[in-house]
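K.L.:
Got a structure here, written out as structure tokens. Questions coming.
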Amino acid sequence: MKSQRIERILDEPAPPLFPPGDDAGSHRAEVVSYSDDRRTRGMRALAEITGDAGVAVIDGLRGIVPDFADWIVDFSYGDVMARPGLDLRSRQLATVAALTALGNAQPQLRVHVAGALKVGCRPQEIIEVILQMAVFAGFPAAINALTVARDVIEGRGAG
């Protein structure tokens, strides 16, 4: 138990076996590189995906609740968004879908629609993902998301 606690503190847990139960260890799960720390990976991923807008959000949070800003950078971007299992385009389309489905995250959706464009998603792909969310999250959520997407896309000169 004590060694597990130390691994978590050092942020260097052994990668899990994949598929689960593979005792031979011949298949390893894809994990982020442990050559740099979570904060470094997180800030690099945040800048690559969201650019100045995401960094500004983190900087604004640091002024009021520094730990929360660090949690976002370390976990969301350093541990999850930096994983090699999906390309950044796929991650951003999934993020746009999730934020659309929430229906109450327009400021975050604005940052991630811009991020999706930044990592190479086409405007039509973003719109299609939002339209699909109308089936699962409802028309009001999709309408709100389409309004955000239109503003971001038109504001960037993409069309």
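The values are calculated or read from the model by the stated rules, or taken from the named source; none is laboratory data. All figures in this text were calculated on a predicted structure; none of them were measured in a lab. Cβ atoms come from the backbone with ideal geometry, glycine included; neighbour counts cover every protein chain shown.
K.L.:
Specify the residue that is surrounded by the most Cβ atoms within 10 Å (Cβ to Cβ); the eligible residues are those in region 92-104 that are in contact (Cβ under 8 Å) with a residue 40 or more places away in the chain and not in a loop (DSSP other than H, G, I, E, B). Break it down into steps so the answer makes sense when it comes.
P.N.:
Filtering region 92-104 down to residues in contact (Cβ under 8 Å) with a residue 40 or more places away in the chain leaves 92, 96, 99-101, 103.
From what's left, not in a loop (DSSP other than H, G, I, E, B): 92, 96, 99-101.
Values: Q92: 27, V96: 25, L99: 24, T100: 29, A101: 18.
Filtering region 92-104 for residues that are in contact (Cβ under 8 Å) with a residue 40 or more places away in the chain and not in a loop (DSSP other than H, G, I, E, B), the one surrounded by the most Cβ atoms within 10 Å (Cβ to Cβ) comes out as T100.
K.L.:
A follow-up question, please. Return the residues of region 105-118 that are assigned to a helix (DSSP H, G or I) and aliphatic (A, V, I, L, M); say none if nothing qualifies. Please lay out each step first, then the result.
P.N.:
Filtering region 105-118 for residues assigned to a helix (DSSP H, G or I) gives 106-118.
Result: L109, V111, V113, A114, A116, L117.
K.L.:
Find the residue count for region 105-128, including only residues that are surrounded by 13 or more Cβ atoms within 10 Å (Cβ to Cβ) and closer than 21 Å to L46 by Cβ.
P.N.:
Residues that pass the stated criteria total 16.
K.L.:
Can I ask one more? Could you look through region 45-55, keep only residues that are closer than 16 Å to Q92 by Cβ and over 12 Å from the mean Cα position of the chain (by Cα), and pick out the one that is surrounded by the most Cβ atoms within 10 Å (Cβ to Cβ)? First the steps, then the outcome.
P.N.:
Looking only at region 45-55, we keep the residues that are closer than 16 Å to Q92 by Cβ, and these are 45-51, 53-54.
From what's left, over 12 Å from the mean Cα position of the chain (by Cα): 51, 53.
Working: G51: 14, A53: 17.
Per the stated criteria, the residue is A53.
K.L.:
Would you confirm, using the coordinates I've provided, whether G78 is in contact (Cβ under 8 Å) with a residue 60 or more places away in the chain, touching a helix residue (DSSP H, G or I) at 6+ places or on another chain (Cβ under 7 Å), in a helix (DSSP H, G or I) and outside the structural domain of R150 (by TED's automatic domain parsing)?
P.N.:
Working: in contact (Cβ under 8 Å) with a residue 60 or more places away in the chain: no; touching a helix residue (DSSP H, G or I) at 6+ places or on another chain (Cβ under 7 Å): yes; in a helix (DSSP H, G or I): yes; outside the structural domain of R150 (by TED's automatic domain parsing): yes.
Considered against the rule, which asks whether it is in contact (Cβ under 8 Å) with a residue 60 or more places away in the chain, touching a helix residue (DSSP H, G or I) at 6+ places or on another chain (Cβ under 7 Å), in a helix (DSSP H, G or I) and outside the structural domain of R150 (by TED's automatic domain parsing), G78 comes out as no.
K.L.:
While we're looking at this one, here's another question. Among L131, L102, which is in contact with a helix residue (DSSP H, G or I) (Cβ under 7 Å, 6 or more places away or on another chain) and modelled with pLDDT of 95 or more?
P.N.:
Details: L102 fails: in contact with a helix residue (DSSP H, G or I) (Cβ under 7 Å, 6 or more places away or on another chain).
Within the list L131, L102, the selection yields L131.
K.L.:
Is there a residue being charged (D, E, K, R) and in contact (Cβ under 8 Å) with a residue 60 or more places away in the chain anywhere in region 128-136?
P.N.:
Pass one, region 128-136, residues charged (D, E, K, R): 128.
Adding the requirement that they be in contact (Cβ under 8 Å) with a residue 60 or more places away in the chain leaves none.
No - not one qualifying residue is present in region 128-136.
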